[in-house]
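Here is the structure we will look at.
The values are calculated or read from the model by the stated rules, or taken from the named source; none is laboratory data. Every value quoted in this text rests on a predicted model; they were computed, and no experiment measured them. Using ideal geometry, Cβ is built from the backbone for each residue, glycine included, and neighbour counts are taken over all protein chains shown.
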Amino acid sequence: MKIHRGRSRVRTVISCALALVCVVGIGYSGYKIIEWKIDSNKTIEQTEQIEKAADVKEVDDDEKTEKIPTNEKPNTPYWNYIKMRLIDVDFTELRKTNNEVSGWVQVKGTNINYPFVHTSNNKFYLDHSFDKSYSRAGWVFSDFRNHVDGTDRNLILYAHGRYDATMFGTLRNILTSGWLNNQDNFVVRTVNDSESALWQVFSVYKIQTTNDYIQTSFNNDDEFGRFAENLRNRSSHNFNTSVAKTDNILTLSTCYSSKERVVLHAKLIKRAPRGTTEE
């Protein structure tokens, strides 16, 4: 009888322990869901405020607009993209909230239409929002090694791949047939303090986490050419375009899973100094 009662007590203790673990687990999961929702609402609210504060407008080419020399063949998509209008953005009101605003990025076929920021490291904006308050949603930021003045050979922008479609959440679209079947999507537009720029997509892919595509400095054009050509060959889609050793490129990177990244690369095809374009 004593043995039986002893076993019953053990089973009771184990059952209580398992129940406690389940309660703690459910409580923690609930807390994380609430935290995620709070961050999501905050990001959406800040985005709406930014849309009111920033005047994003399309602008026409003028005599100072530079079309980057190309070897693209006739009748390739490039010749349609080069005709697309640039955008311009007034950063004045945005900098009243965040003095680290360094540019704006807009990607066709996605929800990506945000100011991006630049600071001295690649950690702060992983868990801080546009107003610099704590948020696990983070914000869009450029690599700290970039200069963000139009001189970078590889300008790199990061943001979280949020499932609520904010930040770089819709960058996942670039891997879908819906996005890839529409050639109008294959351009990215950016603005910084010195210039407006138009970029043509030449590579998209999903990859195991690696640092080999986030190089920002190169010893010479030949080294950069090999780097860029490797990125083009890595693409999961053939964009029917080339990339040269004298090009400048733009890289967008976000998480796809805990071990994978979604990446987009585009080459600069047109630029105009700020203040010289006309509506």
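Only one of G225, G275 is part of a helix (DSSP H, G or I) and either at pLDDT 95 or above or of a type in the set (G, A, S) (or both); which?
G225
Among V201, V140, V187, which is the only one that is touching a Lys or Arg at 6+ places or on another chain (Cβ under 8 Å), buried (at least 20 other Cβ atoms within 10 Å of the Cβ) and touching a residue at least 12 places away in the same chain (Cβ under 8 Å)?
Testing whether each residue is touching a Lys or Arg at 6+ places or on another chain (Cβ under 8 Å), buried (at least 20 other Cβ atoms within 10 Å of the Cβ) and touching a residue at least 12 places away in the same chain (Cβ under 8 Å) leaves just V187.
Just for segment 143-162: of the residues that are buried (at least 21 other Cβ atoms within 10 Å of the Cβ) and within 16 Å of I44 (Cα to Cα), which one is farthest from the chain's Cα centre (by Cα)?
R162
If we keep just the residues of segment 204-230 that are crowded, with 22+ Cβ neighbours inside 10 Å and not β-branched (V, I, T), which is nearest to S253 (Cα to Cα)?
A228
Can you find, within segment 78-98, the residue that is farthest from L268 (Cα to Cα) among those that are surrounded by fewer than 17 Cβ atoms within 10 Å (Cβ to Cβ) and touching a strand residue (DSSP E or B) at 6+ places or on another chain (Cβ under 9 Å)?
Filtering first and then ranking leaves R95.
Looking at (1) under 22 Å from Y158 (Cα atoms); (2) among the small types (G, A, S); (3) in contact with a strand residue (DSSP E or B) (Cβ under 8 Å, 6 or more places away or on another chain); (4) not in a strand (DSSP E or B), which one does S242 not meet, given that it meets all the others?
(1)
Return yes when I112 is closer than 28 Å to I38 by Cβ, at pLDDT 95 or above, crowded, with 18+ Cβ neighbours inside 10 Å and touching a strand residue (DSSP E or B) at 6+ places or on another chain (Cβ under 9 Å) and no when it is not.
Criteria met by I112.
Within segment 48-58, identify whether any single residue is part of a loop (DSSP other than H, G, I, E, B) and not hydrophobic (A, V, I, L, M, F, W, C), and answer yes or no.
Checked against the condition, which is being part of a loop (DSSP other than H, G, I, E, B) and not hydrophobic (A, V, I, L, M, F, W, C), segment 48-58 yields at least one hit.
Are any residues in segment 204-214 over 27 Å from I82 (Cα atoms) and either among the β-branched types (V, I, T) or in contact (Cβ under 8 Å) with a residue 40 or more places away in the chain (or both), and if so, which ones?
Residues satisfying the conditions are K206, I207, Q208, T209, T210.
Which condition number in (1) surrounded by fewer than 23 Cβ atoms within 10 Å (Cβ to Cβ); (2) in a loop (DSSP other than H, G, I, E, B) is the one that R172 fails?
(2)
I'm checking my understanding of the structure. Among residues of segment 235-268 that are farther than 23 Å from E223 by Cα and touching a His at 6+ places or on another chain (Cβ under 9 Å), which one is modelled with the highest pLDDT?
Only one residue fits best here, namely T254.
Residues checked against (1) in contact with a Pro (Cβ under 9 Å, 6 or more places away or on another chain); (2) part of a strand (DSSP E or B); (3) touching a residue at least 12 places away in the same chain (Cβ under 8 Å); (4) under 29 Å from D61 (Cα atoms):
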residue: M84; (1), (2), (3), (4): no, no, yes, yes
residue: F91; (1), (2), (3), (4): yes, no, yes, yes
residue: Q106; (1), (2), (3), (4): no, yes, yes, yes
residue: P115; (1), (2), (3), (4): no, yes, yes, yes
residue: S120; (1), (2), (3), (4): no, no, yes, no
residue: Y125; (1), (2), (3), (4): no, no, yes, no
residue: D131; (1), (2), (3), (4): no, no, yes, no
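Quickly run through segment 76-91 and pick out the residues that are of a type in the set (F, W, Y) and either at pLDDT 95 or above or within 16 Å of Q106 (Cα to Cα) (or both).
Selection gives Y81, F91.
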